[in-house]
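Before any comments, here is the structure.
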Amino acid sequence: MSHWSDTLPVPSGQRRDQVPRDHSIYPQLLEITLHLRQAMREHFVQLTSRQGLSLEERKHTQAIREKEALLSCLICRMINLLQSEAASDLELQVPLPSEDSRGDVRYGERAQLSGQPDPVPQLSDCEAAFVSRDLSNRGIDISVFYQSSFQDYNAYQKDKYHKDKNTLGFINLGTSENKLCMDLMTERLQERDMNCIEDALLQYPDWRGQPFLREEVARFLTYYCRAPTQLDPENVVVLNGCCSVFSALAMVLCDPGEAFLVPAPFYGGFAFSSRLYAKVELIPVYLESEVTVTNTQPFQLTVDKLEEALLEARFEGKKVRGLVLINPQNPVGDIYSPDSLMKYLEFAKRYNLHVIIDEIYMLSVFDESITFHSVLSMKSLPDRNRTHVIWGTSKDFGISGFRFGALYTHNKEVVSAVSAFGYLHSISGIAQHKLCQLLQNTEWIDKVYLPTNCYRLREAHKYITAKLKALEIPFHNSSSGLYVWINLKKYLDPCTFEEERLLYCRFLDNKLLLSRGKAYMCKEPGWFCLIFADELPRLKLAMRRFCDVLEEQKEAWIVKQLEDAMRE
Amino acid sequence: MFTLPQKDFSAPTTCLGPTCLQDLGSSHGDDLEGECSRKLDQKLPELPGVGDSAMLSPNTSYLSSRGRMIKWFWDSAEEGYRTYHMDEYDENKNPSLSQSDMQRVEPSLLQYADWRGHLFLREEVAKFLSFYCKSPAPLRPENVVVLNGGASLFSALATVLCEAGEAFLIPTPYYGAITQHVCLYGNVRLACVYLDSEVTGLDTRPFQLTVEKLEMALREAHSEGVKVKGLILINPQNPLGDIYSPEELQEYLVFAKRHKLHVIVDEVYMLSVFEESAGYRSVLSLERLPDPQRTHVMWATSKDFGMSGLRFGTLYTENQDVATAVASLCRYHGLSGLVQYQMAQLLRDRDWINQVYLPENHARLKAAHTYVSEELRALGIPFLSRGAGFFIWVDLRKYLPKGTFEEEMLLWRRFLDNKVLLSFGKAFECKEPGWFRFVFSDQAHRLCLGEQPAFPAQPSLWLLLVCPHPPGHQCQLAPHFPFPGMQRVRQVLAGKSQVAEDPPSSQSQEPSDQRR
């Protein structure tokens, strides 16, 4: 196995040792890069100075600005790197173009400094926010990646809709949270059995999770996944969230730069979990909406597509270590039949791939005519040592703030290796007790919680799909999860990701937060994900805003047509 | 001088875990003996069995190479981590967590929140630290990030401040688990600043940290081509129980500023200073920090409130870039909303902390400390302790005829065989063999558990129990002298004369021995 590591990209810290001690190219490179940045700046100034006043043009300008910020950010990182290389060579006495200015500047003093003549063009606001000389490159990468993706979410957090206090605030139909059963959960979590403070809960735990909780999880999964035999608590690791489980799995199954296959569109959170810490690539297996001879259903996953994606990745020299499946699927809402699941698992076995199956929505199947089959219900798994199942309470119990995720795997090595991350992703003993109590009470879950939750999900789904039908908007998912996957292609002209982004911004301007297809790595522009698991009054208001935006979009389109006609 | 806790993950066959863990988890060969002779130019501490892939899951095709490394961390630490962690908590101090004001459940606590931590908690942390660290100006909630424990914080800081393969300076002996914290995700190493017990030159006390030693270690690391990004200071120090004076602290910070190093100050024992006269000062109490943008302070409830299982740790930094970057990783180190609420309630209860908890805690620590130190004096054993933390740094060098780490290990095993679990100096990267850390903050009743047949073979229950505290939360001091823990120590040391006659290899050749 170790020969693979030779071909991997070496982390910069390691590479540095191997580079010949002659660093004299760095100042030159630095100078060139600084020139490049200057030239780029001027180019962008020219581009953006041609702005008009219409909404479209303003949006366009904004897009250019964002591109500029991104490029500047990249170049800044190059400069940082080059500077540190140049400076780290102790023999190098060449005065570095910007070393002095970056020497002892305090954060708050940056503004004063910009007035002084400075060989380095001053930092723009966006860069100042992202580029820091205090962070490592990967620290910057983490920060930029995260902040740029969660900018809008943070805006929502600061300005949430409230029916009395903030009627103009954001409504969030973009984050997959189930808010329908808050009343049940708050009540349940306040019951007497939840409150237990014992010494053992306050002391260093077993890092895999307290034994009582792992036992309960094993029992719970045996029951709800209909496992043919009792599941073993020793195969369970509990951490503070499914994203932590995924991150730890990515760490222990892949070396940096290696990859997992994931059918796309897929839940965007995986992109973070694979990248922030683990540096594992996700290779999308693109699925298509159009129904053809081979594609009998929209977004159908077939073994052919998996094979193709795998071969292509290998052809490009990528080392694929596994396949990630989400079942019930997020965002399309498909539920894999036992047959197709078996085919995917056999495919994985054929190529020695690990399979990570995320069943986080397994109890959120609200269509009673459909049966969900957990991978744990299979009589025999094609490759049980390479099959790893993730489940958590965030979606099925609507308690994402509780931070709980569990891994079930037969592979003892994987259990051990993931356990090593236990103390970095640990759950408070007090919370572990509450979870154990929650999962233990099967009667309440079966008789009270699940029926209520399914009923409310079904009602909310009914409401939202009726609205969509009235608007003649095509959508997917009629059976599971908290979301519908909708097609707004007809509102995009031309149908590009840029237009998709503009439409997304238009929603945002109207204080409605949605998720767009790009974030799910969808190949076709125009898809959006709509989370409907919210209270009806809020959902109604959200849909009103939604309709307004689409009206606005139509009007803008007509105006544009007219303008074009007049120009001709 | 420079230890590589492990090499890059991409080179599995030569990977090494933190030396402390290796020693616990593997058989011990001759090379440990050579360890002390290599004091100065200590390179990779060789480990028998690591080079051969047997140690790293030979038959596994399931894990990546870094995955095998990580698994090996876990496997080898399975016994060892108890050594580290079990002794890290203090006794019965689960405060008012069961009171009714603690049990609030609100929808917002059950949903995704600000990954830095709920604002109400960060506000409470800022107030708490302002008060107990005696900061000259009120600390600000926006500089606070809340995570699930100090370990996570080390991991996140290492990842965002360093590239893979870069290093932090750390004075030795130090709390050895940090090696793993910074390495597991971050792949960051620790460059040791070796301190020794001999008082020479301008030093006024053993194991004294000076700027000169810092400079030397930094130069050493540079000469080995290792890039150092920061300095880790633990104050009050673990395991020395030492306290840095404000002047010393200032000097270290100025040193760091001179070299543009970040300073991570771990103040996890700040409220466990039981000697007023020790004059402890938090770094946040300094009038002016030399380099506030590169000074990052950690605190957690695991030690000061004896709640390591609660998983609460916090970062205070004025550097918004660092705070933001750490918060970006908090998705993976989040704390349940309900626990955040309880934490805020706990930290808010200043009356209880000041009038009930801290006086009681300090009195207990002091009584236990007095008892153990008197016992040690009676045995004629030298030790260091300055009135902070839960431990005494004990000099058992005179019991090691040859003064090697192998003998240190054998002595440790002898304690273990007598159901006394101590931590040996090697686990703290101490360069002199023969030092041990005695934890004195354990409870009498846990020893009883260890002797009950219901818990026959769990090494975790064998802790050294030398603390005079009876079980029960409202405790009046009713010491149970003499404590079996100290008695056993006495027995082991008295029998030490026989050690030389024992074939030393008999135990080290049977790794299964340690699993008992």
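The values are calculated or read from the model by the stated rules, or taken from the named source; none is laboratory data. Keep in mind that what you see is a predicted model, and the values were worked out from it rather than measured. Because the Cβ atoms are built from the backbone with ideal geometry, glycine has one as well, and the counts that use them run over all protein chains shown. When the accessible area is computed, the model is the full protein with side chains, heavy atoms only, and any ligands, DNA or RNA have been set aside. Shrake-Rupley method; radii C 1.70, N 1.55, O 1.52, S 1.80 Å.
Per-residue answers, yes or no, for (1) closer than 13 Å to A:PRO263 by Cα; (2) surrounded by 22 or more Cβ atoms within 10 Å (Cβ to Cβ); (3) in contact (Cβ under 8 Å) with a residue 40 or more places away in the chain:
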position	(1), (2), (3)
A:PRO331	yes, yes, yes
A:SER337	no, no, no
A:LEU345	no, yes, yes
A:ASN352	no, no, no
A:ILE357	yes, yes, no
A:MET362	no, yes, yes
A:VAL365	no, no, yes
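Which of the residues spanning the stretch A:215-236 are part of a helix (DSSP H, G or I), more than 18 Å from A:PHE397 (Cα to Cα) and either within 28 Å of the chain's Cα centre (by Cα) or of a type in the set (Ser, Thr, Tyr) (or both)? Of everything in the stretch A:215-236, just one residue is part of a helix (DSSP H, G or I), more than 18 Å from A:PHE397 (Cα to Cα) and either within 28 Å of the chain's Cα centre (by Cα) or of a type in the set (Ser, Thr, Tyr) (or both), namely A:ASN235. With respect to the conditions (1) open to solvent by 20 Å² or more (accessible area, probe 1.4 Å); (2) touching a residue at least 24 places away in the same chain (Cβ under 8 Å); (3) in a loop (DSSP other than H, G, I, E, B), A:ALA271 falls short on a single one, namely (3).
Across the stretch A:236-267, the number of residues qualifying as open to solvent by 10 Å² or more (accessible area, probe 1.4 Å) and more than 13 Å from every other protein chain (Cβ to nearest Cβ) comes to 1.
When the stretch B:306-356 is examined, which residues are found to be within 11 Å of chain A (Cβ to nearest Cβ), more than 30 Å from A:THR393 (Cα to Cα) and not aliphatic (A, V, I, L, M)? The answer is B:THR317, B:GLU318, B:ASN319, B:GLN320, B:ASP321.
Does any residue of the stretch B:383-393 turn out to be touching a residue at least 24 places away in the same chain (Cβ under 8 Å), within 14 Å of chain A (Cβ to nearest Cβ), outside any loop (DSSP other than H, G, I, E, B) and out of contact with any Gly (no Cβ under 8 Å at 6 or more places or on another chain)? There is no residue in the stretch B:383-393 that is touching a residue at least 24 places away in the same chain (Cβ under 8 Å), within 14 Å of chain A (Cβ to nearest Cβ), outside any loop (DSSP other than H, G, I, E, B) and out of contact with any Gly (no Cβ under 8 Å at 6 or more places or on another chain). Among the residues that make up the stretch A:361-384, is at least one of them in a loop (DSSP other than H, G, I, E, B), under 30 Å from A:GLU187 (Cβ atoms), among the hydrophobic types (A, V, I, L, M, F, W, C) and touching a Pro at 6+ places or on another chain (Cβ under 9 Å)? So far as the stretch A:361-384 goes, yes, one or more of its residues are in a loop (DSSP other than H, G, I, E, B), under 30 Å from A:GLU187 (Cβ atoms), among the hydrophobic types (A, V, I, L, M, F, W, C) and touching a Pro at 6+ places or on another chain (Cβ under 9 Å).
Take the residues of the stretch B:249-264 that are part of a helix (DSSP H, G or I) and aliphatic (A, V, I, L, M): which is farthest from B:SER152 (Cα to Cα)? Quick ask: steps written out before the conclusion?
Step one: list which residues in the stretch B:249-264 are part of a helix (DSSP H, G or I), which gives B:249-258.
Cutting the leftovers down to aliphatic (A, V, I, L, M) gives us B:249, B:253-254, B:256.
Working: B:LEU249: 25, B:LEU253: 24, B:VAL254: 27, B:ALA256: 23 Å.
Taking the candidates together, the pick is B:VAL254.
Taking A:SER143 as the residue in question, decide whether it is at the interface with another protein chain (Cβ under 9 Å from one of its Cβ atoms), in contact with a Phe, Trp or Tyr (Cβ under 9 Å, 6 or more places away or on another chain), assigned to a helix (DSSP H, G or I) and not basic (Lys, Arg). In short, yes.
Residue check: is A:ASP193 surrounded by fewer than 17 Cβ atoms within 10 Å (Cβ to Cβ), in a helix (DSSP H, G or I) and more than 9 Å from chain B (Cβ to nearest Cβ)? Yes: the conditions hold for A:ASP193. Remark: B:LEU153 falls outside the filter, which requires a residue to be more than 19 Å from the chain's Cα centre (by Cα), among the aliphatic types (A, V, I, L, M) and facing another protein chain (nearest Cβ under 10 Å).
Taking the options A:LEU310, A:LEU325, name whichever one is at pLDDT 95 or above, in contact with a strand residue (DSSP E or B) (Cβ under 7 Å, 6 or more places away or on another chain) and not in a strand (DSSP E or B). Full working, then the answer.
On the way: A:LEU325 fails: not in a strand (DSSP E or B).
Just a single option satisfies the conditions, and that option is A:LEU310.
From the list B:TYR185, B:TYR174, which residue is closer than 28 Å to A:TRP207 by Cα, of a type in the set (Ser, Thr, Tyr) and either open to solvent by 30 Å² or more (accessible area, probe 1.4 Å) or out of contact with any strand residue (DSSP E or B) (no Cβ under 9 Å at 6 or more places or on another chain) (or both)? Working first, answer last.
Details: B:TYR174 fails: either open to solvent by 30 Å² or more (accessible area, probe 1.4 Å) or out of contact with any strand residue (DSSP E or B) (no Cβ under 9 Å at 6 or more places or on another chain) (or both).
Just one listed residue meets the conditions, B:TYR185.
Residue count for the stretch A:171-190, restricted to those that are more than 9 Å from chain B (Cβ to nearest Cβ) and crowded, with 21+ Cβ neighbours inside 10 Å: 8.
Take residues that are more than 18 Å from A:MET182 (Cβ to Cβ), outside the structural domain of A:GLY169 (by the TED database) and open to solvent by less than 10 Å² (accessible area, probe 1.4 Å) and tell me which of the helices (runs of 4 or more DSSP H) falling wholly in the stretch A:426-509 contain 1 or more. Write out each step before concluding.
Numbers: elements: A:429-440, A:450-470, A:497-509.
The helices (runs of 4 or more DSSP H) meeting that bar are A:429-440.
Annotation: of all residues in the stretch B:221-256 being within 14 Å of another protein chain (Cβ to nearest Cβ) and surrounded by 17 or more Cβ atoms within 10 Å (Cβ to Cβ), the one that is nearest to the chain's Cα centre (by Cα) is B:GLY230.
Among the residues of the stretch B:258-288 satisfying the criterion of being within 14 Å of chain A (Cβ to nearest Cβ) and surrounded by fewer than 18 Cβ atoms within 10 Å (Cβ to Cβ), which is modelled with the lowest pLDDT? Write out each step before concluding.
In the first step, residues of the stretch B:258-288 are kept if they are within 14 Å of chain A (Cβ to nearest Cβ); the result is B:258-264, B:268, B:288.
From what is left, the residues that are surrounded by fewer than 18 Cβ atoms within 10 Å (Cβ to Cβ) are B:258-260, B:288.
Details: B:ARG258: 96, B:HIS259: 96, B:LYS260: 94, B:ARG288: 90.
Here the answer is B:ARG288.
Selection over the stretch A:396-445 of residues that are among the charged types (D, E, K, R) and more than 11 Å from chain B (Cβ to nearest Cβ) gives a count of 2.
Mind checking whether some residue in the stretch A:211-228 is at the interface with another protein chain (Cβ under 10 Å from one of its Cβ atoms) and modelled with pLDDT under 95? There is no residue in the stretch A:211-228 that is at the interface with another protein chain (Cβ under 10 Å from one of its Cβ atoms) and modelled with pLDDT under 95.
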